[in-house]
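Reviewing the structure listed below.
The values are calculated or read from the model by the stated rules, or taken from the named source; none is laboratory data. It should be emphasised that the depicted structure is a prediction, and the values quoted were computed from it without experimental measurement. In this analysis, Cβ positions are derived from the backbone assuming ideal geometry, glycine residues included, and neighbour counts consider all displayed protein chains.
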Amino acid sequence: MTSITTKEQNNLFPVFLKLEQMRILLVGGGNVGLEKLTALLQNSPATTIKVVAIQFNEAVLQLAQEHDNITLEAKPFTPEDVAGADIVIVAVNDREASRAISLEAKRQGKLVNVADTPDLCDFYLSSVVRKGNLKIAISTNGKSPTMAKRLKETFNETLPEELDEVLDQMQQIRNQLAGDFTAKVNQLNDITKVLAVKDKPENKPTRPEKPWKKIAYGVLLAFFFMILGRLAFSAITFDQVTSFVNNIEPIFYWMVFAGFLAQMVDGALGMGYGVTSTTVLLSLGVNLPAISGSIHTAEIFSSGMSGFSHYKFGNVNKKLFKVLLVPGVIGAIVGAWLLAKVGEEHANYVRPILAAYTLILGIRIIYTAFKKNKERKKIKKAGILAGAGGFLDSFGGGGWGPLVTSTLIAKGRTPRFVIGTVSITEFFVTFASALTFFSMLGLSHLQVIIGLVLGGLLAAPLAARLAGRLPMKTMFIAVGSLVIIWSLRILLKAVGLF
């Protein structure tokens, strides 16, 4: 007789509770208790909550001061605490105590959740995605809260903010429908039917392939390489290439290392290419004019590979990319043109102002990393931000990553998608800026450029993969630290201390 193996399924019954009509007992006032309390307030801020613990950390005390519906009782748990509660949540760092509290609550007929102990739970607290009135709860059957959090981040980033507006419009349509319940359902089905069937292949009329799209893409790609090749071969002679091949010096491999290290930082954190490569090249004794020209040239290639890698690994928000692209390119062109007209001494006045702004953002990002409740604010002027970032990157000699990346992350956007989107946009911004500079400065210091390019190309895929795998808190801390270092370096240099 053949045995049949049944695939394990999630048999939890999903339900949304009106907690604000219920009473909650939370046992525990430490970090885990804070996490549970924050989740309750985020979803049902008017819920009556009693917190019992021997000690409370400062954040729990602060929440209790801000919410009249929270009661704190500084004492050990007793069976009498369960009386009057509808739901009990246990968040103490003692498995035996948790089991005893859970058994007592169940004896009194209460539903119980015990933090990080699925076998003692009657229900789990899910990761929740919120878009106004739309709420999605994610459960992994208690197996992996980390996976649930990652899915939450993905949904938060991909679901548009306008969904709440769609729900309001659907409600208006529903209120205007006539007839009994069945008639209203049928009318709504007719209205929304197109959403379900329009993308099915059998419902689409067969249309001939549009070869002009492929031709257009091919022509555009050929045009790009034609310009890049023309710039390269107009600035690099055959004799220079021959001389380079025949006279490779040991320092060339240090240039490769500098490019690799700079791109690892920039690709994983969305900024820092200029700062990192400049620091390494200065320590190797390369002069400043060579550093400036070489970095701008090499960054075209490294940012292109970085952007492609981020796109391949799914780190790019296409909607945000479209918003940033055109303003960023325009800002870069204007900044490069203006710098050519007025000279670099005027750009020195801009850098300290930018550095002061980004220093504040860096501190804010570090604060956000340790903040339990990370608010996600809608960004209304991302195009203006991109224009300013492109302008300052050309005119001020850097700032695209620190300004744009740090501002978007400080607003609560997911670091992975911010870094990926800003990185792919940076290629176009850098290319637009370089087109302007190339016509005036040309190319020099071939060994430095090729070393940086090779190192950057090697690092770009690794950095993009790293950006998708780093824990959220680690990415916030790393980005914030880099922004602070970059800002302090500019400010100290402005006052003559660096």
Under 30 Å from VAL185 (Cα atoms), modelled with pLDDT under 75 and not aromatic (Phe, Trp, Tyr): does that describe GLU161? yes
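Scan the stretch 42-82 for residues that are within 17 Å of LEU19 (Cα to Cα) and assigned to a loop (DSSP other than H, G, I, E, B) and jot them down. Before the answer, list the steps.
Here is the first cut: in the stretch 42-82, the ones within 17 Å of LEU19 (Cα to Cα) are 42-51, 67-71, 82.
Passing the criteria: SER44, PRO45, ALA46, THR47, HIS67, ASP68, ASN69.
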From LEU72, LEU111, LEU125, LEU120, grab the single residue that is in contact (Cβ under 8 Å) with a residue 24 or more places away in the chain and farther than 25 Å from ASN141 by Cβ. LEU72
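Looking at this structure, is GLY132 exposed (fewer than 13 other Cβ atoms within 10 Å of the Cβ) and on the phi > 0 side of the Ramachandran plot? Quick ask: steps written out before the conclusion?
Details: exposed (fewer than 13 other Cβ atoms within 10 Å of the Cβ): no; on the phi > 0 side of the Ramachandran plot: yes.
For GLY132, the condition - exposed (fewer than 13 other Cβ atoms within 10 Å of the Cβ) and on the phi > 0 side of the Ramachandran plot - is not met.
Could you say which residue among LEU120, LEU163, LEU159, LEU134 is in the same structural domain as ILE87 (by TED's automatic domain parsing) and aliphatic (A, V, I, L, M)? Don't jump to the end; show me each part of the working.
Values: LEU163 fails: in the same structural domain as ILE87 (by TED's automatic domain parsing); LEU159 fails: in the same structural domain as ILE87 (by TED's automatic domain parsing); LEU134 fails: in the same structural domain as ILE87 (by TED's automatic domain parsing).
On inspection, the qualifying residue turns out to be LEU120.
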Of the conditions (1) of a type outside the set (A, V, I, L, M); (2) surrounded by 19 or more Cβ atoms within 10 Å (Cβ to Cβ); (3) out of contact with any Leu (no Cβ under 8 Å at 6 or more places or on another chain); (4) at pLDDT below 80, PHE438 clears all except one; give me its number. (3)
Which condition from (1) modelled with pLDDT of 75 or more; (2) within 15 Å of GLY451 (Cα to Cα); (3) surrounded by fewer than 17 Cβ atoms within 10 Å (Cβ to Cβ) is the one that ALA290 breaks? (1)
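Only one residue in VAL27, VAL51, VAL88 is surrounded by 21 or more Cβ atoms within 10 Å (Cβ to Cβ), closer than 19 Å to PRO118 by Cβ and touching a Leu at 6+ places or on another chain (Cβ under 7 Å), so which one is that?
Working: VAL27 fails: touching a Leu at 6+ places or on another chain (Cβ under 7 Å); VAL51 fails: closer than 19 Å to PRO118 by Cβ.
Selected residue: VAL88, the only one of VAL27, VAL51, VAL88 that is surrounded by 21 or more Cβ atoms within 10 Å (Cβ to Cβ), closer than 19 Å to PRO118 by Cβ and touching a Leu at 6+ places or on another chain (Cβ under 7 Å).
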Give the residue, chosen from GLU58, GLU8, that is of a type outside the set (S, T, N, Q), outside the structural domain of CYS121 (by TED's automatic domain parsing) and farther than 18 Å from SER126 by Cβ. GLU8
Per-region count, the stretch 474-488, residues surrounded by fewer than 17 Cβ atoms within 10 Å (Cβ to Cβ) and either within 11 Å of ALA356 (Cα to Cα) or at pLDDT below 70 (or both): 1
